[in-house]
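*Asks:* A single structure is presented below for examination.
The values are calculated or read from the model by the stated rules, or taken from the named source; none is laboratory data. In this text, all values refer to a predicted model and were calculated from it rather than measured experimentally. Every residue, glycine as well, gets a Cβ built from its backbone with ideal geometry; the counts of neighbours run over all protein chains shown.
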Amino acid sequence: MPSTARIALNRPLRRLFDYLVPKGLTLKPGQRVKIPFGRQQAIGLVVDTHVEPPAGITLKPVHSALEEWPSLPDETFQLLSWASNYYQHPLGECLFTALPPALRRGRPAIEKTDDWWQACGSGAALPANAHKQKTLLNWIAQHKQGVKGSDIIKAGFTRPQIKALRDKELIQATAPDSESPQSQRYNESIAAPELSAAQFDAASELPPPTAGFSASLLYGITGSGKTEIYLHYLKQNLTDQDQALVLVPEINLTPQTVARFQHYFGERILVWHSALNDSERLSAWLKIRNGEPVILIGTRSAVLLPFTALKTLIVDEEHDSSYKQGEGFRYSGRDLAVYRAHLNGCPVILGSATPSLESYHNALGGKYKLIRLEERAGKALPPTLSLLDIRSRPLEGGLSRPALEAIRQTLDSGNQALVFVNRRGFAPVMMCFDCGHMVECPRCDTRLTYHRRDRAMRCHHCDYQAPATETCPKCASEAFRPVGQGTEQTEDILAASFPDTPVVRVDRDSTQRKGSIQNILKQVNSGKPCILVGTQMLAKGHDFPDVTLVVVVNADGGLFSVDFRAPEQLIQTLLQVSGRAGRGTKAGKVVVQTCHSDHPLLKKLCHGRYLDIADQLLEERESGQLPPFRAMAIFRAEADTMEQSLKILDSIKPLANMPGIEIWGPLPALIARRADRHRAQLVLNTDNRRRLNKVLAATCQSLEQEKMPKSARWMIDVDPQETG
Ligand code: ADP
Ligand code: ZN
Ligand code: ZN
């Protein structure tokens with residue numbers, strides 16, 4: 001019998017394709033191949049060899065293999081196959097997620113080393129009319145260290161011009177400037193402290209890689225020095241040949257963390273995140289695939305990379321919602337890290353000051369080892385937290401008098417203050433106080449946010465934007481005013497109240513404008529008095545040693561949400577943002593403004609430990625029969641009308657109707673219309689994960705065969721983070 005291979009393509013298809021393997025070619029799972037597909041050629045990944053093809057079909061032969069080795073080594077391949085089944089996402093798309101873009105497109109798996117050029121002659125030898133060549137020669141001559149071929153092209157010159165100068169021996173090829181993009185980026189050096197006794201104890205509780213698989217939940221309050229423990233652990237346990245993976249929520253927000261790792265491990269540190277370009281990705285991918293002993297610091301998708309000598313995985317801030325991919329292949333980077341450690345027989349460390357209820361539940365059930373670190377590192381003390389009821393207080397830009405007074409005192413004593421606002425822009429809505437009209441997005445069921453700096457009204461759910469008006473668009477009344485607070489408004493009030501103090505705004509708008517959070521934070525790192533105003537971005541992992549006061553403008557958003565995860569997320573955000581205060585040698589204070597100062601959750605926040613609150617939240621989840629006590633999956637549909645969306649979901653209801661599986665819906669989503677698409681959802685909730693997985697598989701197969709309106713889309717989200 002001729003040899004055959006089953007191949008996956010990078011397409012949203014829940015099926016694989018069989019091909020003949022030509023004589024002389026041996027294929028292995030995970031290998032890249034070129035195949036004829038329709039009238040074109042496609043790049044595929046081998047899933048299986050020696051399969052029994054369906055009878056009566058003549059198979060086409062594989063064109064060629066792109067390399068002799070599998071792009072996806074065994075363990076990576078198994079991880080992705082498992083994830084494809086668990087998340088019910090087509091195998092081909094899952095497997096291709098682990099390849100850098102260049103390899104998905106069929107480029108060779110070698111690093112393209114750039115050509116470098118240096119001037120070595122004078123333009124006097126050039127003919128008078130060779131203006132372009134003269135300009136190029138002068139330009140190259142200005143770069144004494146040499147210049148990259150690709151930069152010459154970017155500067156507007158052409159390859160033939162380079163060649164002409166080389167042929168005349170006016171420029172010569174040279175060795176590249178030694179700084180690679182990876183080492184250029186972060187070069188701060190930071191002194192490494194000795195571990196405190198508490199840190200040392202926590203570190204020694206972590207099982208070493210030689211003990212095989214283990215999962216530890218390192219619960220360490222903010223500022224307890226978890227990063228130092230990771231560094232210490234890796235230093236102690238990695239041999240010169242080992243690879244390690246450190247997952248972080250968003251690298252660009254925490255350059256300090258990368259700098260600290262580089263200080264310890266220098267060249268061994270490699271980074272992986274969305275801002276890398278295609279050749280940087282390929283280069284990092286090849287190093288990992290070649291088994292170089294790197295310590296990779298990366299965001300979510302780094303967990304899918306083809307490590308061959310992985311000995312430790314660390315997931316920092318494991319509660320962070322950015323570990324869950326929000327579209328397409330909706331995997332959880334954290335959960336895959338645990339599964340990967342299990343496959344690979346190595347330790348995984350999940351660290352957080354506010355562990356997810358999922359991980360904490362696993363720790364209580366004995367699946368993870370719980371390690372506690374409940375004091376701050378160095379001389380720092382945990383901040384004190386108090387609630388400030390604002391029900392009957394006048395507010396300016398969302399800030400009450402006592403809050404402004406606390407900021408003034410902080411600045412007067414030479415320290416910095418941080419003000420946390422949940423919304424960017426100036427105000428979440430513009431309202432007419434005559435006719436009651438509120439400006440809504442024409443494409444979504446949401447209101448437009450007023451951005452005063454740009455004189456615009458913007459939808460934060462689609463890209464709709466309109467110029468702001470001075471009067472009510474409906475009745476032309478001048479009593480048309482912003483309602484509620486955004487970062488811009490708070491920034492204005494603070495700037496007016498403290499004219500001599502710099503006010504630094506950090507949100508998606510300001511970081512987009514100024515390039516990076518690093519530039520913005522320079523001011524803060526100078527240590528001089530200043531006020532930071534910002535959104536969630538400020539809550540993430542930053543170390544601001546001179547911030548001694550944190551003001552939370554309004555804590556109430558998550559208290560009464562329909563999303564069952566909202567209280568957990570609210571508490572995590574409040575504690576994380578509070579954790580920015582008092583990290584240096586000075587004590588920190590947190591003031592939380594609220595209209596519900598008697599709410600039990602907020603009261604507990606001031607006095608209890610996070611784990612006590614988590615215990616309570618877990619009880620509520622258990623009595624509500626919700627995750628992590630049960631498994632959940634959501635089918636979502638969107639179409640041109642709500643009727644179509646609901647119909648799609650109604651059609652799968654009978655398939656999902658199995659004993660032990662609760663079905664909620666179909667119902668319109670919380671934002672039922674978004675960018676003119678009508679969205680609905682069907683929730684499945686069960687204590688039988690295996691049965692759920694079977695039901696999902698059958699339902700997806702059936703949906704794929706169903707005839708649907710052209711505009712309709714459906715998707716499946718297993719272990720959803722957002723349930724609204
Ligand atoms: P976490 O990640 O737990 O919030 P970090 O690792 O960022 O905490 O540490 C908080 C601060 O404490 C950092 O400025 C860090 O340099 C400092 N730190 C950590 N460990 C020690 C130690 N053993 N002695 C002195 N300072 C320390
Ligand atoms: Zn009006
Ligand atoms: Zn919109």
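*Asks:* Filter segment 432-446 down to the residues that are surrounded by fewer than 20 Cβ atoms within 10 Å (Cβ to Cβ) and in a strand (DSSP E or B) and list them by number.
*Replies:* 438, 440
*Asks:* Of a type outside the set (Ser, Thr, Tyr), under 30 Å from residue 536 (Cα atoms), within 16 Å of ligand 1 (Cβ to nearest atom) and not in a loop (DSSP other than H, G, I, E, B): does that describe residue 270?
*Replies:* Numbers: of a type outside the set (Ser, Thr, Tyr): yes; under 30 Å from residue 536 (Cα atoms): yes; within 16 Å of ligand 1 (Cβ to nearest atom): no; not in a loop (DSSP other than H, G, I, E, B): yes.
Considered against the rule, which asks whether it is of a type outside the set (Ser, Thr, Tyr), under 30 Å from residue 536 (Cα atoms), within 16 Å of ligand 1 (Cβ to nearest atom) and not in a loop (DSSP other than H, G, I, E, B), residue 270 comes out as no.
*Asks:* Within segment 541-593, work out how many residues are modelled with pLDDT of 90 or more and aromatic (Phe, Trp, Tyr).
*Replies:* 1
*Asks:* Considering (1) small (Gly, Ala, Ser); (2) over 22 Å from residue 541 (Cα atoms); (3) touching a strand residue (DSSP E or B) at 6+ places or on another chain (Cβ under 7 Å), say which one residue 624 fails and leave the rest.
*Replies:* Tallying (1) small (Gly, Ala, Ser); (2) over 22 Å from residue 541 (Cα atoms); (3) touching a strand residue (DSSP E or B) at 6+ places or on another chain (Cβ under 7 Å), residue 624 fails exactly one: (3).
*Asks:* Here's a check for you: in segment 655-697, which residue that is polar (S, T, N, Q) and part of a strand (DSSP E or B) is surrounded by the fewest Cβ atoms within 10 Å (Cβ to Cβ)? Spell out how you get there, then give the answer.
*Replies:* From segment 655-697, those polar (S, T, N, Q) are 657, 681, 685-686, 688, 693; that's our starting set.
From what's left, part of a strand (DSSP E or B): 681, 685-686.
On the way: 681: 24, 685: 19, 686: 21.
The qualifying residue surrounded by the fewest Cβ atoms within 10 Å (Cβ to Cβ) is 685.
*Asks:* Residues that are polar (S, T, N, Q): find the helices (runs of 4 or more DSSP H) completely inside segment 1-110 holding 1 or more of those.
*Replies:* Values: elements: 74-86, 91-97, 101-104.
Output list reads 74-86, 91-97.
*Asks:* I'd like the residue in segment 556-586 that is within 17 Å of residue 604 (Cα to Cα) and more than 24 Å from the chain's Cα centre (by Cα) and, out of all such residues, is surrounded by the fewest Cβ atoms within 10 Å (Cβ to Cβ).
*Replies:* Within segment 556-586, the match that is surrounded by the fewest Cβ atoms within 10 Å (Cβ to Cβ) is 560.
*Asks:* Could you grab me the full set of residues in segment 22-64 that are of a type in the set (S, T, N, Q) and within 21 Å of residue 100 (Cβ to Cβ)? Step through it out loud before you land on a result.
*Replies:* Of all residues in segment 22-64, those of a type in the set (S, T, N, Q) come to 26, 31, 40-41, 49, 58, 64.
Hits for segment 22-64 are 31, 41, 64.
*Asks:* Among the residues of segment 340-367, count how many are surrounded by fewer than 19 Cβ atoms within 10 Å (Cβ to Cβ), in contact (Cβ under 8 Å) with a residue 12 or more places away in the chain and either small (Gly, Ala, Ser) or closer than 22 Å to residue 243 by Cβ (or both).
*Replies:* Residues in segment 340-367 being surrounded by fewer than 19 Cβ atoms within 10 Å (Cβ to Cβ), in contact (Cβ under 8 Å) with a residue 12 or more places away in the chain and either small (Gly, Ala, Ser) or closer than 22 Å to residue 243 by Cβ (or both): 3 in total.
Let's see how each residue does on (1) farther than 30 Å from residue 691 by Cβ; (2) out of contact with any Ser or Thr (no Cβ under 8 Å at 6 or more places or on another chain):
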| residue | (1), (2) |
| --- | --- |
| 2 | yes, yes |
| 20 | yes, no |
| 28 | yes, no |
| 58 | yes, yes |
| 78 | no, yes |
| 84 | no, yes |
| 88 | no, yes |
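*Asks:* Moving on to the next point. Which count do you get for residues in segment 87-110 that are of a type outside the set (S, T, N, Q) and within 16 Å of residue 75 (Cβ to Cβ)? Quick ask: steps written out before the conclusion?
*Replies:* First, pick out the residues of segment 87-110 that are of a type outside the set (S, T, N, Q): 87, 89-96, 98-110.
Now drop any that are not within 16 Å of residue 75 (Cβ to Cβ), which leaves 94-95, 98-99.
The total comes to 4.
*Asks:* Would you check if there is a residue in segment 474-482 being assigned to a strand (DSSP E or B), more than 16 Å from ligand 3 (Cβ to nearest atom) and either surrounded by fewer than 20 Cβ atoms within 10 Å (Cβ to Cβ) or without any contact (Cβ under 8 Å) to a residue 40 or more places away in the chain (or both)? Steps first, please.
*Replies:* First, the residues of segment 474-482 that are assigned to a strand (DSSP E or B): 480-482.
Applying the additional criterion that residues be more than 16 Å from ligand 3 (Cβ to nearest atom) yields 480-482.
Next, only the ones that are either surrounded by fewer than 20 Cβ atoms within 10 Å (Cβ to Cβ) or without any contact (Cβ under 8 Å) to a residue 40 or more places away in the chain (or both) stay: 481-482.
Taking every residue of segment 474-482 in turn, at least one turns out to be assigned to a strand (DSSP E or B), more than 16 Å from ligand 3 (Cβ to nearest atom) and either surrounded by fewer than 20 Cβ atoms within 10 Å (Cβ to Cβ) or without any contact (Cβ under 8 Å) to a residue 40 or more places away in the chain (or both).
*Asks:* Which numbered condition in (1) assigned to a loop (DSSP other than H, G, I, E, B); (2) hydrophobic (A, V, I, L, M, F, W, C); (3) in contact with a His (Cβ under 7 Å, 6 or more places away or on another chain) is the only one that residue 708 fails?
*Replies:* So the condition that residue 708 fails would be (3).
*Asks:* Quick check on this structure: which one of 284, 275 is outside any helix (DSSP H, G or I) and more than 22 Å from residue 717 (Cα to Cα)? Full working, then the answer.
*Replies:* On the way: 284 fails: outside any helix (DSSP H, G or I).
Sole residue among the options that is outside any helix (DSSP H, G or I) and more than 22 Å from residue 717 (Cα to Cα): 275.
*Asks:* Restricting attention to segment 76-87, does a residue exist that is farther than 27 Å from residue 704 by Cβ, touching a Pro at 6+ places or on another chain (Cβ under 9 Å), touching a residue at least 12 places away in the same chain (Cβ under 8 Å) and among the β-branched types (Val, Ile, Thr)? So that I can check it myself, show each step before the final result.
*Replies:* Narrowing segment 76-87 to residues farther than 27 Å from residue 704 by Cβ: none.
So far as segment 76-87 goes, no, none of its residues is farther than 27 Å from residue 704 by Cβ, touching a Pro at 6+ places or on another chain (Cβ under 9 Å), touching a residue at least 12 places away in the same chain (Cβ under 8 Å) and among the β-branched types (Val, Ile, Thr).
*Asks:* Tell me, which residue of segment 435-473 that is among the polar types (S, T, N, Q) and more than 16 Å from ligand 3 (Cβ to nearest atom) is nearest to residue 509 (Cα to Cα)? Walk me through it before giving the result.
*Replies:* Filtering segment 435-473 for residues among the polar types (S, T, N, Q) gives 446, 449, 465, 469, 471.
Add one more test, that the residue is more than 16 Å from ligand 3 (Cβ to nearest atom), and what stays is 469, 471.
Values: 469: 21, 471: 25 Å.
That would be 469.
*Asks:* Does residue 484 satisfy being within 15 Å of ligand 2 (Cβ to nearest atom), more than 28 Å from the chain's Cα centre (by Cα) and at positive phi? Please lay out each step first, then the result.
*Replies:* On the way: within 15 Å of ligand 2 (Cβ to nearest atom): no; more than 28 Å from the chain's Cα centre (by Cα): yes; at positive phi: yes.
It is false that residue 484 is within 15 Å of ligand 2 (Cβ to nearest atom), more than 28 Å from the chain's Cα centre (by Cα) and at positive phi.
*Asks:* Related question: Name the single residue, out of those in segment 386-403 being in contact (Cβ under 8 Å) with a residue 12 or more places away in the chain and touching a Ser or Thr at 6+ places or on another chain (Cβ under 6 Å), that is nearest to residue 610 (Cα to Cα).
*Replies:* 387
*Asks:* Next question. Looking at residue 434, is it within 16 Å of ligand 2 (Cβ to nearest atom), of a type outside the set (Val, Ile, Thr) and over 29 Å from the mean Cα position of the chain (by Cα)? Spell out how you get there, then give the answer.
*Replies:* Details: within 16 Å of ligand 2 (Cβ to nearest atom): yes; of a type outside the set (Val, Ile, Thr): yes; over 29 Å from the mean Cα position of the chain (by Cα): yes.
When the stated conditions are applied, residue 434 passes them.
*Asks:* Residue by residue through segment 450-473, note down the ones that are assigned to a loop (DSSP other than H, G, I, E, B) and more than 16 Å from ligand 2 (Cβ to nearest atom).
*Replies:* First, the residues of segment 450-473 that are assigned to a loop (DSSP other than H, G, I, E, B): 452-455, 459-464, 468-473.
Answer for segment 450-473, where residues must be assigned to a loop (DSSP other than H, G, I, E, B) and more than 16 Å from ligand 2 (Cβ to nearest atom): 452, 453, 454, 455, 459, 460, 461, 462, 463, 464.
*Asks:* Can you pull out every residue in segment 237-267 that is over 21 Å from the mean Cα position of the chain (by Cα) and outside any helix (DSSP H, G or I)?
*Replies:* 238, 239, 240, 241, 242, 243, listed by residue number.
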